[in-house]
Amino acid sequence: MSGWHETGFAATLTGVFALRRACRLRVTALLRACHPEPALAVTAGGTLLAAGAGQQWSGVLASGAAILATQLSVGWGNDWLDADRDVTAGRPDKPVAAGHVSRPAIRTAAIAAGLVSLPLALLSGVPAALALLIGLASAWLYNIPLKRTVLSPLPYVVSFAALPAFAYLGLPGAPPPPWWLPVAGGLLGFGAHFANALPDLADDEATGVRSAPLRAGPGLSRVLAAAGLAAASVVLAVGIRSWPGLAVVAAAAVILPAGLWLGSRPGSRAAFRAVLVVALLDVALLVAAPFLSGQT
């Protein structure tokens, strides 16, 4: 009898460990499917924008939570809607395509995160919530109809412009942001779309995703990415009117042409890397803009 109990206990323990491991793998797959790097980057940037706009810490935390919920919804929605395409393209890095998490689970997570973002956004007031929900709706429009059209940059422009609007409209009295912040955000989103699409152009062509970058081709896409980021740098410099803005414009004026020239060589990724460097500089300048311009 004691042997039976020992065997039963061992089997139960093994089952518990197996269940824990399965749950851990599913949670890990779910987190990977939300596009964690851009989700965290946008959340961090939007949260710092709220702080730079002058929100109290409670408002900053509420803004960060609302932005994170929208990013989770968009990321999960992207992997849910792109599951068939990812399977066709042979993307083992995609948890849904690899079978590590089910499509119904990822769909439920995307919808739940989107619904949660509404009450979180309302903590910043109705005008701010409307701005954030416009950004969320725009991102979902990219996921569903616009990704495969020449209008694919539009959701990036609208969603990136909505972030500084959300940050300022969350202040008492809901003041609008200075004009140059959403303009710079939109230009940054335009450039980011073309830069972000460059590594996936071959997969997009194979799966029929006729986005603006695919129609433009890799050469013109690199130029458009650089142009959007350079324009964002100039707009931020005009708004900030201090040496950091001029420094970023000067850096972009050197890095982008050099990257485009070196990137014209077969197999070179210099243009893509140059665009990424300037994108990081622009994001840092965008986040620091309220502090540097005296808007806080």
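The values are calculated or read from the model by the stated rules, or taken from the named source; none is laboratory data. Because the structure is a prediction, the values reported are computed rather than measured. With ideal geometry, Cβ positions are generated from the backbone for all residues, glycine too; neighbour counts draw on all protein chains shown.
Looking at VAL74, is it surrounded by 21 or more Cβ atoms within 10 Å (Cβ to Cβ) and either aromatic (Phe, Trp, Tyr) or outside any helix (DSSP H, G or I) (or both)? Judged against the criteria, VAL74 is not a match. There is no residue in region 205-223 that is without any contact (Cβ under 8 Å) to a residue 40 or more places away in the chain, polar (S, T, N, Q) and closer than 27 Å to LEU133 by Cβ.
With respect to (1) buried (at least 18 other Cβ atoms within 10 Å of the Cβ); (2) over 18 Å from the mean Cα position of the chain (by Cα); (3) at pLDDT below 90, the lone exception for ALA195 is condition (2). Determine which member of the set LEU201, LEU187 is surrounded by 14 or more Cβ atoms within 10 Å (Cβ to Cβ) and either within 30 Å of LEU130 (Cβ to Cβ) or over 20 Å from the mean Cα position of the chain (by Cα) (or both). Sole residue among the options that is surrounded by 14 or more Cβ atoms within 10 Å (Cβ to Cβ) and either within 30 Å of LEU130 (Cβ to Cβ) or over 20 Å from the mean Cα position of the chain (by Cα) (or both): LEU187. Note on region 152-161: residues that are assigned to a helix (DSSP H, G or I) and small (Gly, Ala, Ser) total 2.
Only a single item in (1) crowded, with 24+ Cβ neighbours inside 10 Å; (2) farther than 19 Å from LEU48 by Cα; (3) not aliphatic (A, V, I, L, M) is not met by GLY263, and it is number (1). With the condition kept exactly as written, say whether any residue in region 17-32 is assigned to a helix (DSSP H, G or I), of a type outside the set (A, V, I, L, M) and modelled with pLDDT of 75 or more. The answer is yes, given that some residue of region 17-32 is assigned to a helix (DSSP H, G or I), of a type outside the set (A, V, I, L, M) and modelled with pLDDT of 75 or more. How many residues does region 100-151 contain that are in contact with a helix residue (DSSP H, G or I) (Cβ under 7 Å, 6 or more places away or on another chain), assigned to a helix (DSSP H, G or I) and hydroxyl-bearing (Ser, Thr, Tyr)? So the count comes out to 3. Which one is surrounded by the fewest Cβ atoms within 10 Å (Cβ to Cβ) among residues in region 266-296 that are under 15 Å from TRP180 (Cβ atoms) and modelled with pLDDT of 85 or more? The selected residue is LEU285.
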